[in-house]
Amino acid sequence: MNQQRLWSSLQKLATFGASENISEEGITRLSLQKEDLAARKYVIELMKEAGLSVKVDVVGNIIGSLKGVDQTKPIVMTGSHIDTVYQGGRFDGALGVLGAIEAVRSIKESGIKLQNTIDVVSFTDEEGTRFGTGYIGSKAMAGELDETILQLRDDEGVSYEEAFCQAGFQPERYKEAIRNKEEIKAFIEMHIEQGKVLEGNNLPIGIVTSIQGPVWMEVTFEGHADHAGATPMNMRYDSGLAMAEVMLDVEKIATQYGGVGTVGKLRIEPGGVNIIPGISKFSIDLRHIDKTKRIDMVNKVREAIHQVSIKRGVSAKVDVKKSVDPKVCSPKVMEAIEEACHQLDQPTMKLQCGAGHDSLIMANITEMGMIFVRSKDGISHHPKEWTDTEDCAIGTQVLFNTLVNLAQ
Ligand code: HGY
Ligand code: MN
Ligand code: MN
Ligand code: MN
C-alpha cells in the first residue's frame with residue numbers, strides 16, 4: 001500500500017469543487033454538476049492506472065474490477081461516493097473510493113491471486129444535497145430506485161432526468177443497473193467516522209456494528225403573505241412562525257427519543273423584510289438506531305406539524321423524500337475486518353454509526369460491513385473535516401487485508 005500515492009490522490013480529488021478559500025469554504029461537488037463530472041473522469045483515470053477494468057452503469061456508478069481466478073464466484077464489492085455536501089470536506093466518501101482503489105491496486109501489485117473478483121464502486125449521488133434524496137447509485141444497484149426520483153428538481157429547477165441526460169447517462173434504463181443478490185458476496189465501505197469516538201479512544205480504526213436510518217421530510221406551510229406594518233398580530237397567518245415552532249418541536253422530540261433531528265434547509269416566500277411569510281418550506285432529517293423509535297419520532301413530528309397548522313391557521317404539506325431503515329452490519333464481514341486488524345496488530349473497537357451511507361442500501365442485497373477511520377475533532381460536513389495521512393493509510397491497509405480475507 002502506497003501511502004503517498006493515496007494521499008496525493010485525495011488532495012487532487014479535493015481540487016474538484018474546491019472554493020478559493022478551501023479551509024474556510026470547503027468543497028462543493030454536487031452530484032452530476034460539472035465539478036462532479038470532472039472528478040468522475042479523474043476517478044476513472046485512477047482506476048485504469050490501477051489496472052482495473054472500468055465500466056460506468058446507466059446511472060453513472062463507476063465500477064472498477066480486479067478479475068478473480070474463479071469468475072463463477074460472487075464478487076466482493078467495496079466503495080463509497082465522491083459527491084459532497086455544500087462546503088464539505090476532503091475525506092467524506094472520497095477516502096472510501098480512493099482508499100479502495102489504492103487497496104485493490106496494491107493487491108494487484110503484490111501478485112496475490114484472489115478467487116473472487118473485486119469491484120470498486122464510486123456510487124452516484126450518495127449525499128442527496130442537490131435533489132434532496134440521495135443513495136441514488138446504491139438504490140439503483142439494489143433495485144430500489146423508482147422513476148418518481150427522476151422528476152425531482154434541484155433549486156434551479158433542473159430535473160434529475162435532465163441532469164442525468166446532460167451528463168450522458170440513460171436514466172430511463174435505470175433498471176439495467178440492478179445487481180442481483182447472488183452475484184455479490186459482500187460489500188465493505190471504508191469511511192471517515194465523522195464523530196469523536198475513535199479520537200476519544202485514541203484509535204485510528206473502528207469496526208461498525210450498526211448504522212442509524214435517516215428519514216428526510218420536506219414540509220410546506222402556507223399562510224397569508226401580508227403587510228408587516230398594517231396587519232395586527234392577532235390577524236396573521238404567519239407560515240414562518242409555524243416553521244419556527246416545528247423546528248423547536250423537532251429538537252424536543254428527537255431529544256426525548258434519544259435520536260437526532262435537524263432542520264438544515266429552509267426557505268420563506270416571498271421573503272421580504274416587510275412581508276409576513278406566506279409560504280415556508282423546510283427539511284427535517286430524523287434518525288434513530290432503533291427502527292420502532294424512529295417510527296414513533298416521525299409520527300410525533302407529523303402530529304406537531306398538524307397541531308401547529310391548526311393553531312396558526314396555515315395549511316401543511318409533508319413530503320417524505322427518504323426513509324431508510326437502520327441496519328445491523330454482517331457478523332461475517334465484521335469478523336473479516338477484525339481478522340484484518342489482528343493480522344496487522346492494529347488495535348480497534350466496535351462502534352455504532354450516526355451518519356448514513358450507501359452501506360445502508362447495500363445491506364438489503366448482500367452482507368455489509370464498514371471500516372471507520374478516525375476524524376479529527378469529529379468534524380464533518382464542514383471545511384475543517386480532517387483525517388491524518390497515517391490514519392488514511394492504516395484504514396486502507398485494513399481494507400486490503402479484509403478484501404484478501406474475503407476473496408482468497
Ligand atoms: O446524511 C448523511 O448521513 C450522509 O452524509 N449522506
Ligand atoms: Mn456525508
Ligand atoms: Mn459519506
Ligand atoms: Mn409546540
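Quick look at the numbers
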{"read-out": "Principal-axis tilt of helix 3-13 within the chain, Cα atoms, nearest 10 degrees", "value": "30"}
{"read-out": "Helix-derived mean residue ellipticity, 222 nm - over the chain, DSSP H n ≥ 4, -39500 (n - 2.57), to 500", "value": "-11000 deg cm²/dmol"}
{"read-out": "Enclosed volume per residue, in Å³, of the convex hull spanned by Cα atoms of the stretch 247-352", "value": "147"}
{"read-out": "Extent along principal axes [Cα atoms of the stretch 62-210; Å; largest to smallest]", "value": "48, 44, 27"}
{"read-out": "R0 of 56 Å, Cβ-Cβ distance E251-K48: FRET efficiency to nearest 0.05", "value": "0.70"}
{"read-out": "Among S330, S315, S65: highest mean-square fluctuation, GNM of the chain, C-alpha pairs under 10 Å", "value": "S315"}
{"read-out": "Rounded FRET efficiency, nearest 0.05, which uses the C-beta distance separating E109 from S283 and R0 of 41 Å", "value": "0.35"}
{"read-out": "Choice from D377, D92, D119 showing the highest fluctuation, given a GNM over the chain with Cα pairs closer than 10 Å", "value": "D377"}
{"read-out": "D296, D83, D146 arranged by Cβ crowding within 10 Å, fewest neighbours leading", "value": "D146, D296, D83"}
{"read-out": "Helix axis angle, 94-110 relative to the chain longest principal axis, alpha carbon, degrees", "value": "10"}
{"read-out": "Cα-based radius of gyration of the stretch 145-235 once divided by 2.2 N^0.38 Å, which approximates compact folds", "value": "1.88"}
{"read-out": "Of K113/K327; K67/K185; K175/K300; K67/K181, pairs whose Cα-Cα distance is over 24 Å", "value": "K113/K327; K175/K300"}
{"read-out": "Protection proxy ranking of 265-271, 4-10 - average other beta-carbon atoms within 10 Å, highest first", "value": "4-10, 265-271"}
{"read-out": "Tail weight of P(r) past 43 Å, computed on alpha-carbon pairs of the chain, percent", "value": "14"}
{"read-out": "Volume in Å³ per residue [convex hull over Cα atoms, computed for the stretch 342-404]", "value": "114"}
{"read-out": "Distribution of pairwise C-alpha distances over the stretch 175-308, 10 Å bins, in %", "value": "10, 28, 25, 20, 11, 5, 1"}
{"read-out": "At R0 = 30 Å, FRET efficiency that the Cβ-Cβ distance of K291 and D226 yields, to 0.05", "value": "0.10"}
{"read-out": "Counting DSSP beta bridges with both ends in the chain, the antiparallel % (nearest 5)", "value": "65"}
{"read-out": "Convex hull projection area averaged over all views, the stretch 82-127, Cα basis, nm²", "value": "3.6"}
{"read-out": "Cα-based helix-to-principal-axis angle, 239-257 vs the chain, degrees rounded to 10", "value": "50"}
{"read-out": "Restricting the stretch 176-248 to trypsin sites (Lys or Arg not before Pro) in coil, as DSSP defines it, with at most 14 other Cβ within 10 Å", "value": "K196"}
{"read-out": "Overall dimensions of the stretch 301-347 by Cα: Rg and Dmax, Å", "value": "23.0, 64"}
{"read-out": "Residue order, fewest to most beta carbons within 10 Å, for E25, E182", "value": "E182, E25"}
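Throughout, read-outs are computed from the coordinates displayed, never taken from laboratory work. Model, not experiment: these values are computed from the prediction. With ideal geometry, Cβ positions are generated from the backbone for all residues, glycine too; neighbour counts draw on all protein chains shown.
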